[in-house]
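S.K.: Dropping a structure here in structure tokens format, bear with me for questions.
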Amino acid sequence: KSNKAMNKKLLVLCFLVPLWACKKDINLQNFDTQAWQADLKGCHNQRLELLPSFESIVKPQLKGLSEGEIAKILGKPDRQELFKRNQKFYFYYIEKGKQCTDTLPDNAKQLQIRFDGIGNVNEVVVSYTPIK
């Protein structure tokens with residue numbers, strides 16, 4: 001029995017080690033992840049102030065990251081949508097808009113992150129999109 005148990009452990013390690021080895025190191029430099037995460041729905045425009053450093057420091061490093069890694073960096077998305085073939089979108093509002101109060105315009109700048117069918121980032125876009 002001990003040989004079977006040892007073989008199972010080795011088999012599991014053979015699958016897990018390559019996953020750990022492929023993990024990407026992210027260098028956030030001076031990007032303030034706490035301020036980004038605290039500005040829920042972009043209603044305090046802190047994300048808008050952070051946008052230049054996000055675009056130059058963080059955005060180029062996001063492709064290939066998992067949903068969990070994105071959540072650690074940017075926090076829980078303000079909105080998410082499922083798409084065909086198990087693709088998923090995370091949305092983070094960057095500026096005040098209708099998501100904050102009905103008296104504001106119904107389109108706000110937002111970050112859209114698209115995940116492929118296995119949960120890795122394959123597209124990162126900042127755009128104006130009508131709020132749903």
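The values are calculated or read from the model by the stated rules, or taken from the named source; none is laboratory data. Since this is a predicted model, take the numbers as computed values, not measurements. Virtual Cβ from ideal backbone geometry, glycine too; neighbours counted across all protein chains shown. Side chains included, ligands, DNA and RNA excluded: accessible areas come from the protein's heavy atoms. Shrake-Rupley method; radii C 1.70, N 1.55, O 1.52, S 1.80 Å.
S.K.: Which one is farthest from the chain's Cα centre (by Cα), of the residues in segment 76-100 that are farther than 16 Å from R114 by Cβ and without any contact (Cβ under 8 Å) to a residue 40 or more places away in the chain?
M.R.: Ranking the candidates gives K98 first.
S.K.: A further question on this structure: Please verify whether G117 is small (G, A, S), without any contact (Cβ under 8 Å) to a residue 40 or more places away in the chain and either open to solvent by 40 Å² or more (accessible area, probe 1.4 Å) or more than 19 Å from I26 (Cα to Cα) (or both), treating the condition exactly as stated. Break it down stepwise before answering.
M.R.: Details: small (G, A, S): yes; without any contact (Cβ under 8 Å) to a residue 40 or more places away in the chain: yes; either open to solvent by 40 Å² or more (accessible area, probe 1.4 Å) or more than 19 Å from I26 (Cα to Cα) (or both): yes.
Spelling it out, G117 is indeed small (G, A, S), without any contact (Cβ under 8 Å) to a residue 40 or more places away in the chain and either open to solvent by 40 Å² or more (accessible area, probe 1.4 Å) or more than 19 Å from I26 (Cα to Cα) (or both).
S.K.: Same structure again: What is the number of the single condition among (1) within 20 Å of N120 (Cα to Cα); (2) modelled with pLDDT under 95 that C43 does not meet?
M.R.: Just one mismatch for C43, condition (1).
S.K.: Here's something else I'd like to know. If Q87 meets every condition in (1) modelled with pLDDT of 95 or more; (2) of a type outside the set (D, E, K, R); (3) in contact with an Asp or Glu (Cβ under 7 Å, 6 or more places away or on another chain) apart from one, which number is that one?
M.R.: Answer for Q87: the failing condition is (1).
S.K.: Further question: Could you list, in sequence order, all residues of segment 19-44 that are open to solvent by less than 40 Å² (accessible area, probe 1.4 Å) and among the basic types (K, R)?
M.R.: Matches in segment 19-44: none.
S.K.: Pick out, from segment 25-132, the strands (runs of 3 or more DSSP E) lying fully within it that include 1 or more residues that are of a type in the set (A, V, I, L, M). Explain how you work it out, then say what you get.
M.R.: Values: elements: 79-82, 88-93, 107-115, 121-130.
In segment 25-132, 79-82, 107-115, 121-130 are the strands (runs of 3 or more DSSP E) which contain 1 or more residues that are of a type in the set (A, V, I, L, M).
S.K.: For R47, only one of the following conditions fails: (1) among the basic types (K, R); (2) open to solvent by 30 Å² or more (accessible area, probe 1.4 Å); (3) in contact (Cβ under 8 Å) with a residue 12 or more places away in the chain. What is its number?
M.R.: (2)
S.K.: Here is a further query. Among the residues of segment 58-71, how many are open to solvent by 30 Å² or more (accessible area, probe 1.4 Å) and more than 18 Å from I118 (Cβ to Cβ)?
M.R.: So in segment 58-71, the residues open to solvent by 30 Å² or more (accessible area, probe 1.4 Å) come out as 59-61, 63-64, 66-69, 71.
Right, trim to more than 18 Å from I118 (Cβ to Cβ) and you get 59-61.
Total meeting the criteria: 3.
So that you can scan it fast, the table gives a plain yes or no per residue for (1) modelled with pLDDT under 95; (2) more than 16 Å from L40 (Cβ to Cβ):
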site: E81; (1), (2): yes, yes
site: Q99; (1), (2): yes, no
site: D116; (1), (2): yes, yes
site: V121; (1), (2): no, yes
site: V124; (1), (2): no, yes
site: S127; (1), (2): yes, yes
